[in-house]
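Quick notes on the structure that follows.
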Amino acid sequence: MLRSKQLLEIRDLFVNIEDKQILKGISLDIKKGETHVLMGPNGAGKSTLGYALMGNPRYEIQKGKILLEGKDITEEPVNKRAEQGLFLAFQNPLEVPGLPLGTFIRSAVETRTGARVRLWDFKKELDKNMEILQMDPTYAGRDLNVGFSGGEKKKAEILQMLMLKPKLSILDETDSGLDVDAVRTVSRGIEEYQKNQQGGLLIITHSTRILESLRVDYTHVMVNGRIVKTGDASLVDWINEHGFDEFLDGQGKDQVQS
């Protein structure tokens, strides 16, 4: 696959939550079709990066820029970023009583594309993707995440990604709390996104289970709000064997990339 087009550019990003600085000069490029993995210990700032990219107002950008396909979206609100092709799968998806999952996804697709979606075509594609994720089709008529198990909530997030076809998908700890079988199923959905879409992926995780069957182009290690190491897929295997202790020794004081 030819990957030459710059999709996301993060330039020297500093982010605060209230008065506490969390991200301290993050720079990262993701090209169309690439899969990047962001790993690190708990509290490193990984999820903060995801929320800042998505425009959550709680995460205040002090310095730096975020560009999507060359357009500066640093000041754009959440809804505008979503319309332009950003997608964030939450670590702890919210429950929304009174809003069926299928209705929510159809409305989101129409907002994303700016066009009406024929019900028959929508249902056909929804059923296909639910089958990939081994989801009971009756879940489409159930209120969004209400009464869903942890695994079903994560599958519902991946289902939204497959239906929306975003330019860039940010998956925040999607494997958190899942058993082995659920991780495999969610990974299958992510593989389908990699296979059929040209969008980029940023997978945020502190585990390696969800990565076992996925193609990974770049791996980044974050410690104390800084990217302290960048490598290829082999870095995932190294972390799986050795953990993060070597990176913690330096406390993330220097941003070293190789």
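The values are calculated or read from the model by the stated rules, or taken from the named source; none is laboratory data. What you see is a predicted model, and the numbers here were worked out from it, not measured in a lab. Cβ: placed from backbone, ideal geometry, glycine included. Neighbour counts: every protein chain shown. These accessible areas exclude ligands, DNA and RNA; they are computed on the full protein's heavy atoms, side chains included. Shrake-Rupley method; radii C 1.70, N 1.55, O 1.52, S 1.80 Å.
Side notes on the structure shown:
- Between R11 and R215, the contour length at 0.36 nm per residue exceeds the Cα-Cα span by 70.9 nm.
- Ligands, DNA and RNA left out, the 1.4 Å accessible surface of the chain is 48% carbon and sulfur atoms.
- For the chain, the Kirkwood hydrodynamic radius from C-alpha pairs, put into Stokes-Einstein at 25 °C and a viscosity of 0.890 mPa s, yields a diffusion coefficient of 131 µm² per second.
- Computed from the C-beta positions of R142 and E241, the FRET efficiency with R₀ = 45 Å rounds to 0.65.
- Full-stretch length increase - E18, D232 - with 0.36 nm per residue and alpha-carbon distance subtracted: 73.6 nm
- Å² of accessible area per residue within the chain, as computed with a 1.4 Å probe and no ligands counted: 48 Å²
- Here each label is just a point 7 Å from Cα along the line to Cβ, and for T111 and L248 those points are 4.0 nm apart.
- Binning the alpha carbon pair distances of the range 32-150 at 10 angstrom intervals from zero yields the distribution 10, 32, 36, 19, 2, expressed in whole percent.
- Partner lysines for K24 [C-alpha distance under 18 Å; skip if fewer than 8 residues away on the same chain]: K46, K63, K65, K229, K253
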